[in-house]
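To start, the structure itself, in structure tokens.
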Amino acid sequence: MITTSSCYNLTATSIFFSSSGTDEAMISWRLFYLRDVQILELFVAVFAFVTIHSLRQKKHQGTPIWPFLGMLPSLVFAVRRNLYEWLSEVLISQDGTFRLRGPWFSSLNCIVTCDPRNVEHLLKTRFSIYPKGSFFRETVRDLLGDGIFNADQETWQRQRKIASVEFHSAKFRELTSHSLHELVHNRLLPVLETSEKFDLQDVLLRLTFDNICMIAFGVDPGCLGPNLPEIPFAKAFEDATEATVLRFVMPTFVWKLMRSLNLGTEKKLKESIQAVDDFAEEVIRARKTELSLETESSKRSDLLTIFMGLRDENGESFSNKFLRDICVNFILAGRDTSSVALSWFFWLVDKNPKVEERIMVEICKILEERGYHGDTEDKIEYDPEFTPEEIKKMDYLQAALSETLRLYPSVPVDHKEVLEDDVFPDGTKLKKEEKVIYVIYAMGRMETIWGKDCREFRPERWLRDGRYMSESAYKFTAFNGGPRLCVGKDFAYYQMKYVAASLIYRYRVRVDVKSGQKVEPRMALTMYMKHGLKVDMVKRSVYEIDNYYSQCR
Ligand code: HEM
């Protein structure tokens, strides 16, 4: 093989020391060849320079920046490996903030941060200039319309106010605790009784989907049931969400073109949104009829019925479209977040048997306060139905769930768009309309916030004198912070604690290691386990439970 340099040498020597020197055609051909080689050499030199320059950027920017492509090569590599870990590595090497540069044709350019000072700045201090922004709203509008998740300013404020009042009302608490009780005892536990091995994440996703539909629409789609059926509405909702998320990784003009031509994922999105709309339309129509008849349903306290009873600023009832948007947004917000967190929780607990023991002892202590333990014939103690007061007392369990969310936040990254030029507390300058991503996943892995053991699963860090102590929302941002703090936070803790306590008390949940399953996050807006979580449910014996009781005395 002739190398570039040997090729050049050979040609140059032949030209300057050519014996004939008269064959012009030959000379011009050789000169042409020389020019070619020089271009090639120049190209190699430029390539070497660009490569060295790009790689040197790593020191200043955390990762190489290539001409035209920006950080795309590193990003592609990171997506194949683990994007959240990559973001964390770059952020930590850059003291908490860096500028992500995407290819020229993409909309990936943005500021990425995990510095709690910056997060507090954008979520609270200068909240008004950091809305979700037009890019996000436009991308998700077909599915979410003007619902709370996708709204800014007055449209958001109005829904937020009503939802906050509603979520704190006694009637709503009654609905949430009643619906969850029904789902756990009449559906979840019977399903678990029938099989020992299954994908726990799938079962939990079904449970929370049914639960949030009961809260938002006041209807139970029945995803969690014998043989785990496929429910068209749930399937349509999932397809619509997936196709919407795909828009974020495509250049905007591409998905818009596909939408106008009704092609590929956009065709699927259109069809699945239609199915969601049909379902919503049917529920809204039936509820209106019910309410007009003033039957028992007027005692309902789901979000749809509440919003139907309200009037807008002009004294008019809300349109069916707006009612649909409200419900769809709440379903999106509350459907997967708790189940995904619970899946990571069971995986972590399996790896940390001491934590499992402490949870068991705590539950036994609380149950013992009922005052009837000792009679082994009494079934209630081996098959308890927890009261909301008992759930509230489970401080250690709450700490273990918070620790899970610190390490595996259900929403691993979130974003904003800035309305005017601004400067972050760490000195980063932002230009009007620039996008900002805050990486909640990386925040949980910062030594500066959590100390040297930040990567360890240690629920004790949340306890003071045995009581659960919450952390600042700008350090523990799993539920967001400031005016847009998660509306469902209290309910989510209640739901997760109820399900976790009900399962752990009855079963040792063991991750199936024999199947060789890989547990890793999926790259999506919610941190699902990519391959689910296959588990063996090992029923605790009466003897084992009694042993825990003896430990807590
Ligand atoms: C572990 C469970 C949960 C986690 C980690 C979580 C986390 C979050 C986060 C990070 C946000 C901010 C999203 C954004 O603005 O981009 C949010 C907003 C929201 N969440 Fe949750 N959530 C959970 C459960 C729930 C549940 C069960 C519900 C409903 C019952 C709910 C309702 C909402 C709503 C309505 C918003 C929008 C608030 C607003 O924009 O004003 N969440 N949640």
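Would you check which residues across the range 409-443 are in a loop (DSSP other than H, G, I, E, B) and near the ligand (Cβ under 10 Å from one of its atoms) and list them? Spell out the reasoning first.
Of all residues in the range 409-443, those in a loop (DSSP other than H, G, I, E, B) come to 409-412, 418-421, 424-428, 431-434.
Once the filter is applied, which keeps residues that are in a loop (DSSP other than H, G, I, E, B) and near the ligand (Cβ under 10 Å from one of its atoms), the range 409-443 yields Pro409, Ser410, Val411, Pro412.
Hey, could you check the range 133-158 for residues that are within 15 Å of Val245 (Cβ to Cβ) and either of a type in the set (Phe, Trp, Tyr) or assigned to a loop (DSSP other than H, G, I, E, B) (or both) and say which is farthest from the ligand (Cβ to nearest atom)? It comes out as Phe135.
Any idea which of Thr208, Thr176 is under 17 Å from Leu503 (Cα atoms), polar (S, T, N, Q) and within 11 Å of the ligand (Cβ to nearest atom)? Quick ask: steps written out before the conclusion?
Working: Thr176 fails: under 17 Å from Leu503 (Cα atoms).
The conditions single out Thr208.
Just one of the listed residues (Arg406, Arg461, Arg445, Arg455) is among the basic types (Lys, Arg), open to solvent by less than 10 Å² (accessible area, probe 1.4 Å) and in contact (Cβ under 8 Å) with a residue 40 or more places away in the chain, and it is Arg406. Residues in the range 327-347 that are β-branched (Val, Ile, Thr) and within 18 Å of Leu200 (Cα to Cα): 2 in all.
What about Glu193, is it touching a residue at least 60 places away in the same chain (Cβ under 8 Å), charged (D, E, K, R), assigned to a helix (DSSP H, G or I) and more than 13 Å from the ligand (Cβ to nearest atom)? Working first, answer last.
Values: touching a residue at least 60 places away in the same chain (Cβ under 8 Å): no; charged (D, E, K, R): yes; assigned to a helix (DSSP H, G or I): yes; more than 13 Å from the ligand (Cβ to nearest atom): yes.
Against the criterion (touching a residue at least 60 places away in the same chain (Cβ under 8 Å), charged (D, E, K, R), assigned to a helix (DSSP H, G or I) and more than 13 Å from the ligand (Cβ to nearest atom)), Glu193 does not qualify.
Going by what's in this entry, would Gly488 be described as outside the structural domain of Ser93 (by the TED database), touching a residue at least 40 places away in the same chain (Cβ under 8 Å) and more than 16 Å from the ligand (Cβ to nearest atom)?
no
Just one of (1) within 30 Å of Glu381 (Cβ to Cβ); (2) more than 16 Å from the ligand (Cβ to nearest atom) fails for Gln517. It is (1). Close Cβ contacts (under 7 Å, 6 or more residues apart or on different chains) running from residues in the range 124-135 that are over 17 Å from Thr155 (Cβ atoms) and open to solvent by 20 Å² or more (accessible area, probe 1.4 Å) to residues that are assigned to a helix (DSSP H, G or I) and of a type outside the set (Ser, Thr, Tyr) comprise Lys124/Gly482. Scanning the range 460-474 for residues that are touching a Lys or Arg at 6+ places or on another chain (Cβ under 9 Å) and within 16 Å of the ligand (Cβ to nearest atom) turns up Trp462, Glu471, Ala473, Tyr474.
The values are calculated or read from the model by the stated rules, or taken from the named source; none is laboratory data. In this text, all values refer to a predicted model and were calculated from it rather than measured experimentally. Note that we place each Cβ from the backbone using ideal geometry, even for glycine, and neighbour counts take in every protein chain shown. Surface areas here come from the heavy atoms of the whole protein model, side chains and all, with no ligands, DNA or RNA. Shrake-Rupley method; radii C 1.70, N 1.55, O 1.52, S 1.80 Å.
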